[in-house]
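Take a look at the structure set out below.
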C-alpha cells in the first residue's frame, strides 16, 4: 500500500498514475475535496495524514513547502511517528536542503528510509508521467521505490540526502531565469512592432529553443496565466536558492535580479498566477499597461 499526501496541481496527476497502474493508494489532502476526485478510480481517501500512512510500505509527500512538510511529517500530522520500520518516505516537495537532512535524521531514528525527490516538468509532465525526478538518499531506498517512481517520471539518483533538493534549486534558478529572459524578449519584440507570436515561431528550432519558449511564451502572448506553477512557489524556490548561495559565500547577480522580479510580482498580488506572469511585472517596471 502507498500513502500519498497532497493532491494539488502536481500531486493529483501523480497519484492518479499510481492508481491507474494498479497500486493500492491511500490519499490525504488538507482540502478533502481535491482528494475525493480520485475516489472514483479506486483510491481510498482518509481524514488524517496518519491514517494515510498507517501500514504503508511507501509514503509519497507532495506538499507545498518546507514548513508544511515539517508540520505534517514531524508536527501535528505525526506522519513519521506512524510509519513502520522498513518503510520508505519519499518527499517530492521542493524544500530547503537542510530541511530534508533534518527530516532524514528523524526518519533514520525510526528505521524509516528517506528520500528527497523533488520533480520538474510541470502539470503536463505529471499527467504524462515524464517528470524529471531528482533523488537524494541511500541507494537501497532508491531501489525499493524505483518501480513506483518510474510510473511518475524519470528518476535519477544524485547522491546523499539533500542532493535531490540541491538539484531542484539548480533547476529552479534555470527555469526562473529563462522565463524572465523569454518574457523580456517577447516584450522587446512587441514594443518594436513585431508580432511576438511570429518571432517565437521563427526562432523555434534554433539555439534559443527551450521548453519555456515552446510552452510559456504561448501563455505570455495569450496573457493566459492560469497556474501550472504558481509564481509564489517560484519565489519560494529562488529565495531558498539565494539563501543557500549566501551561506556558501557565492554571488549570483543574475539570479538575484530574477529573484527580485518575482518578489515584486508576488508583492503586487500576482503570486497565485502562473510564473510566466513575470511578464506582467516587466510591464510594470517599464510603465506599460498590465492587461
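The values are calculated or read from the model by the stated rules, or taken from the named source; none is laboratory data. The structure presented is a predicted model; accordingly, all values stated were derived computationally and were not measured. Glycine gets a Cβ as well: all are built from the backbone with ideal geometry, and neighbour counts include every protein chain shown.
Let's see how each residue does on (1) free of Cβ contacts under 8 Å to residues at least 40 places away in the same chain; (2) outside any helix (DSSP H, G or I):
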position: 4; (1), (2): no, yes
position: 18; (1), (2): no, no
position: 26; (1), (2): yes, yes
position: 63; (1), (2): no, yes
position: 70; (1), (2): yes, no
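Taken over the range 124-141, the residue count meeting the criterion of being crowded, with 16+ Cβ neighbours inside 10 Å and farther than 17 Å from residue 105 by Cα is 8.
Suppose we filter the range 1-40 for residues that are touching a strand residue (DSSP E or B) at 6+ places or on another chain (Cβ under 8 Å) and under 20 Å from residue 147 (Cα atoms); how many remain? The qualifying residues number 16.
Can you go through 226, 165, 184 and tell me which one is in contact (Cβ under 8 Å) with a residue 24 or more places away in the chain, within 30 Å of residue 99 (Cβ to Cβ) and surrounded by fewer than 18 Cβ atoms within 10 Å (Cβ to Cβ)?
On the way: 165 fails: surrounded by fewer than 18 Cβ atoms within 10 Å (Cβ to Cβ); 184 fails: within 30 Å of residue 99 (Cβ to Cβ).
Every option except 226 fails the conditions.
Check the range 107-117 and report whether any residue there is assigned to a helix (DSSP H, G or I) and within 24 Å of residue 7 (Cα to Cα). Spell out the reasoning first.
Restricting attention to the range 107-117, the residues satisfying the condition of being assigned to a helix (DSSP H, G or I) are 107-109.
Filter once more, keeping what is within 24 Å of residue 7 (Cα to Cα): 107.
Yes: one or more hits.
How many of the residues in the range 246-262 are surrounded by fewer than 16 Cβ atoms within 10 Å (Cβ to Cβ) and either within 24 Å of residue 228 (Cβ to Cβ) or not assigned by TED's automatic domain parsing to the domain that holds residue 177 (or both)? Total satisfying the criteria: 3. Checking 178, 88 one by one, the residue that is in contact (Cβ under 8 Å) with a residue 24 or more places away in the chain, under 17 Å from residue 215 (Cβ atoms), in contact with a helix residue (DSSP H, G or I) (Cβ under 6 Å, 6 or more places away or on another chain) and buried (at least 16 other Cβ atoms within 10 Å of the Cβ) is 178 and no other.
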